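Structure record follows, encoded as structure tokens.
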Amino acid sequence: MAFTKNPQVFSAKVAEVTIGTGDQAVTLGGESVFPLYAFDAEFKNPPVVGIDFSDKGPDRHIPGIAAFYEGAESLADVAKRAESAEGASFVSFTLKSADPNGDNEPVEDSVAKCKEVAEALSKPLVIYGSGNAEKDGQLLGKVAEALEGKNVLLMSAVEDNYKGIAVGAVLAYGQKISAESAVDINLAKQLNVMISQQGVKSESVVNHVGVAAAGYGFEYVASAMERIRGAGLSQNDDMLQAPIVTPVGGEVWNVKEAVVSEEDFPEWGPTEERGIDMEISTAVSCLASGSNAVILKHPESVKVVAGLIAELQ
């Protein structure tokens, strides 16, 4: 019996959000099929991979990362090296020093770092805040002002600070923001609704709906992504049609498999290889569940995941 192909293509589509400027700009979203279903319809904008480092520098305790960034000392040099990573479509910069529970770096110092990194790059820039809602509410608006015209993506607006970030970053300075919720379709929709009520259009918002390393409760993340993407396409729910961006690297390189030594667990093999494997496995699982972009740390992971995306198109 002959096989009859029955493509599942929807009339709805994921919203398109562009970050960066010029020839290096990246557009996320735009698809009308389920994640990675390139066999049903061509992806207008295939998923992309970003590479992350923090204002404290790359994770030089990981041998492969240290070797990749060897000789890059200033933040500008590190940024240039990061964007050279094979398969990287954008660069992510995390402001760890701004965390009030850590160094509590002044806002103006963090803004100066963002300017240094942005001026060194030609590829799009994603900036992740301190992770503290109150501090990020103060910080991200100032970053948006300093980088006006760069069309950066600022991670993350949460329920406790979204108003100031939506107005101070998007409406005032034309930047893009992510709406971060806690692994729940209803929370994701609610935050998107509230941000839209501030006057922010869909072309300025992506979603960060949660992340977990593979094997560490990832099924909850996958389920949330799948439900969000399914409702956005099959039910044409425009509050659930934002592209999804998932910062994988920061989560993966903290789990046991990626940090315990080979001496302690010789049967597990080399520590770095385990971390790379965990990062790739988690990233690919996120893409299959609905992410339009994943952010990784190790250049080898970036290369492999970007290569897989290219093969699936």
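All of the numbers you see were taken from the coordinates with simple rules; none came from a lab. Remember, it's a predicted structure, so these values are computed and weren't measured experimentally. Here the Cβ is made from the backbone with ideal geometry for all residues, glycine too, and neighbour counts use every protein chain on show.
The figures follow:
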item	result
Contour minus Cα-Cα distance for ASP160 and ALA288 (0.36 nm per residue)	43.1 nm
Equivalent ellipsoid semi-axes, the range 66-175, via Cα gyration tensor eigenvalues times 5, rooted, Å	24, 16, 12
FRET efficiency, GLN8 to ASN104 (Cβ-Cβ, R0 45 Å, nearest 0.05)	0.35
Coarse-grained scattering of the range 167-253 at q = 0.24 Å⁻¹, given as base-10 log I(q)/I(0) from a Debye sum over alpha-carbon atoms	-1.15
Cut-off under 5 Å, modelled amide H: who pairs with ALA15 long-range	GLY30, ALA242
Estimated vicinal HN-Hα couplings, Hz - the range 161-173 in sequence order (Karplus 6.51, -1.76, 1.60; Gly, Pro = x)	9, 4, 4, x, 6, 4, 6, x, 9, 8, 5, 7, 10
Amide H partners (placed H, <5 Å) of ASN207, local residues excluded	ALA179, ILE244, VAL245
Under the Karplus curve 6.51 cos²θ - 1.76 cosθ + 1.60, θ = phi - 60°, whole-Hz ³J(HN,Hα) for the range 237-249, x wherever Gly or Pro sits	7, 6, 7, 10, 10, 6, x, 10, 10, 10, x, 7, x
Structure-based [θ]222 nm, the chain - -39500 (n - 2.57) summed over DSSP H runs of at least 4, per residue, nearest 500	-11000 deg cm²/dmol
For peptides 20-31, 63-74, sequence by mean Cβ density within 10 Å, most packed first	20-31, 63-74
Backbone N within the range 157-191 under 17 Å of label point (7 Å from ASP238 Cα along the Cβ vector)	189-191
Alpha-carbon centroids, the range 227-302 and the range 79-105: separation in whole Å	17 Å
P(r), alpha carbons of the chain - 10 Å bins starting at zero, rounded %	6, 28, 36, 22, 6, 1, 0
Long-range amide H partners of GLN175 with built H, under 5 Å	VAL170
The range 17-312, relative contact order [Cα under 8 Å, separation at least 6], %	21 percent
For q = 0.15, 0.20, 0.24, 0.26 Å⁻¹, Debye-computed log10 I/I(0) when each Cα of the range 1-75 counts as one equal scatterer	-0.74, -0.90, -1.05, -1.14
Backbone HN-Hα couplings from phi across the range 102-119 [Karplus 6.51/-1.76/1.60, Hz, Gly and Pro as x]	x, 6, 6, 4, x, 4, 4, 5, 5, 4, 4, 5, 4, 5, 4, 5, 4, 6
Selection from GLY250, GLY215, ALA133, by position along the positive dipole direction of the range 124-256 (Cβ)	GLY250
Peptide ranges 150-157, 44-51, 169-176 listed from the most packed, as the mean C-beta count within 10 angstrom indicates	150-157, 44-51, 169-176
Alpha-carbon centroids, the range 34-51 and the range 9-33: separation in whole Å	10 Å
When each of LYS5/LYS44; LYS80/LYS303; LYS115/LYS176; LYS115/LYS189 is checked by Cα-Cα distance, pairs over 24 Å	LYS115/LYS189
Set of aspartates and glutamates near LYS135 by C-alpha distance (under 19 Å), chain-local residues within fewer than 8 positions excluded	ASP55, ASP99, ASP103, GLU105, GLU108, ASP109, GLU145, GLU159, ASP160, GLU180
DSSP bridge pairs, the chain: antiparallel proportion in percent, nearest 5	15 percent
